[in-house]
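Notes for the one structure printed next.
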Amino acid sequence: MDTTATLRASPDAAVPTLRQIQRIVRGRPTSDGAGVKLTRVIGQPDLDMIDPFLMLDEFRSDSAGDYIAGFPEHPHRGFETVTYMLAGRMRHGDNQGNSGLLTPGSVQWMTAGRGILHSEMPEQENGLMWGFQLWVNLPAKDKMTAPRYQDIAPEAIPETSPVAGATVRVIAGSLNGVAGPVSGIATEPVYFDVRLQAGAAVELPLPATHNGFAYVYQGQARIGEGASEQLVRGDLGVLGKGDGLKITTGDAPARLIVVAGKPLNEPVAKYGPFVMNTPQQIVQAVEDFRAGRF
Ligand code: CO
């Protein structure tokens with residue numbers, strides 16, 4: 001008899017059900033904005049979305065020509081954009097007069113709601129620019145909410161070390177009694193930036209209600225119990241069901257983001273920077289944008 005399986009199957013057991021990798025997806029090189037080179041991992045033919053996550057881009061280049069054109073003024077409606085900087089500086093500004101500088105280690109969680117017009121431009125002419133932009137869907141009832149920004153400085157993101165050899169920056173959600181600074185988001189997201197030394201193993205709680213993924217951006221790691229598949233830099237693992245995530249490293253260290261959110265299970269109508277529930281709402285968004293109503 002497999003005792004482990006029995007324990008895991010029991011609803012009373014405190015032992016978490018470890019999530020396994022459902023499949024591994026690699027991003028596709030593309031460009032966006034005024035010609036910024038990036039890798040699209042979610043929101044491309046191999047992985048349309050992981051409800052509520054609509055898009056994940058990684059931008060990483062130390063060649064200014066790949067990023068200097070930036071993202072001049074453009075609109076968003078109906079969802080949230082989350083920018084996490086690893087290296088480099090990006091200036092953010094919008095048509096409401098809001099402005100801010102994203103520095104290494106900082107996060108901007110922008111709820112576009114009914115609409116904003118903004119620009120995201122590099123504030124450097126050389127050196128490494130590295131980070132992620134994630135698009136998080138909003139439920140139908142919040143799609144036309146007032147825009148909101150959570151600009152979070154690097155020092156406002158707490159770090160915790162659940163076990164030796166593992167350090168986690170808690171951007172959203174909580175771990176070890178440490179809560180991330182992002183608050184009041186409909187999909188109750190978890191966003192961890194995980195750093196593992198070689199030969200480390202850590203188990204992270206992830207709400208069973210949530211869909212999630214892990215994206216390795218440095219080194220390599222294994223996910224799940226006895227997982228035979230190794231995720232290497234640039235691999236996104238779509239997570240199966242469960243309420244815990246076990247990550248282990250072998251000879252090499254690893255850095256990865258682990259992100260999860262409550263699925264909306266609502267119809268998605270997408271057109272560029274507008275994400276609504278119906279085609280009619282998309283037509284309305286385009287009309288509102290053209291008429292200068294953002
Ligand atoms: Co934008």
Item checked: Test set (1) under 22 Å from SER31 (Cα atoms); (2) assigned to a loop (DSSP other than H, G, I, E, B) - HIS118 fails condition number -> (2)
Next item on the list: Please indicate, with yes or no, whether at least one residue in segment 190-206 is in a loop (DSSP other than H, G, I, E, B), out of contact with any helix residue (DSSP H, G or I) (no Cβ under 8 Å at 6 or more places or on another chain), open to solvent by less than 10 Å² (accessible area, probe 1.4 Å) and not small (Gly, Ala, Ser).
Entry: yes
Next item on the list: Filter segment 35-71 down to the residues that are open to solvent by 60 Å² or more (accessible area, probe 1.4 Å) and touching a strand residue (DSSP E or B) at 6+ places or on another chain (Cβ under 7 Å), then identify the one that is farthest from the ligand (Cβ to nearest atom).
Entry: ASP46
Checklist line | Positions within segment 109-152 being out of contact with any strand residue (DSSP E or B) (no Cβ under 7 Å at 6 or more places or on another chain) and among the acidic types (Asp, Glu), in sequence order | finding: GLU125, ASP142
Item checked: Test for GLN230: is it farther than 25 Å from GLU80 by Cα and free of Cβ contacts under 8 Å to residues at least 60 places away in the same chain -> yes
Check: Can PHE132 be described as at pLDDT 95 or above, buried (at least 22 other Cβ atoms within 10 Å of the Cβ) and either within 16 Å of the ligand (Cβ to nearest atom) or of a type in the set (Lys, Arg) (or both)?
Finding: yes
Notebook entry, point to check: Would you say ASN277 is in contact (Cβ under 8 Å) with a residue 40 or more places away in the chain, away from the ligand (no atom under 16 Å from the Cβ) and at positive phi?
Noted result: no
Notebook entry, point to check: closer than 22 Å to MET276 by Cα, within 16 Å of the ligand (Cβ to nearest atom) and open to solvent by less than 40 Å² (accessible area, probe 1.4 Å), is that true of THR187?
Noted result: no
Next item on the list: Considering only residues that are in contact with a Lys or Arg (Cβ under 6 Å, 6 or more places away or on another chain) and within 16 Å of the ligand (Cβ to nearest atom), look in segment 94-111 and name the one that is most open to solvent (accessible area, probe 1.4 Å).
Entry: LEU101
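Rundown of residues vs (1) open to solvent by 20 Å² or more (accessible area, probe 1.4 Å); (2) over 22 Å from PRO52 (Cα atoms), yes/no style:
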{"residue": "ASN126", "(1), (2)": "yes, yes"}
{"residue": "LYS141", "(1), (2)": "yes, no"}
{"residue": "PRO147", "(1), (2)": "yes, no"}
{"residue": "PRO162", "(1), (2)": "yes, yes"}
{"residue": "THR167", "(1), (2)": "yes, yes"}
{"residue": "ILE171", "(1), (2)": "no, no"}
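The values are calculated or read from the model by the stated rules, or taken from the named source; none is laboratory data. The model shown is predicted, which means the values in this text are computed figures rather than measured ones. Here the Cβ is made from the backbone with ideal geometry for all residues, glycine too, and neighbour counts use every protein chain on show. Heads up: the accessible areas ignore ligands, DNA and RNA and are worked out on the full protein's heavy atoms, side chains in. Shrake-Rupley method; radii C 1.70, N 1.55, O 1.52, S 1.80 Å.
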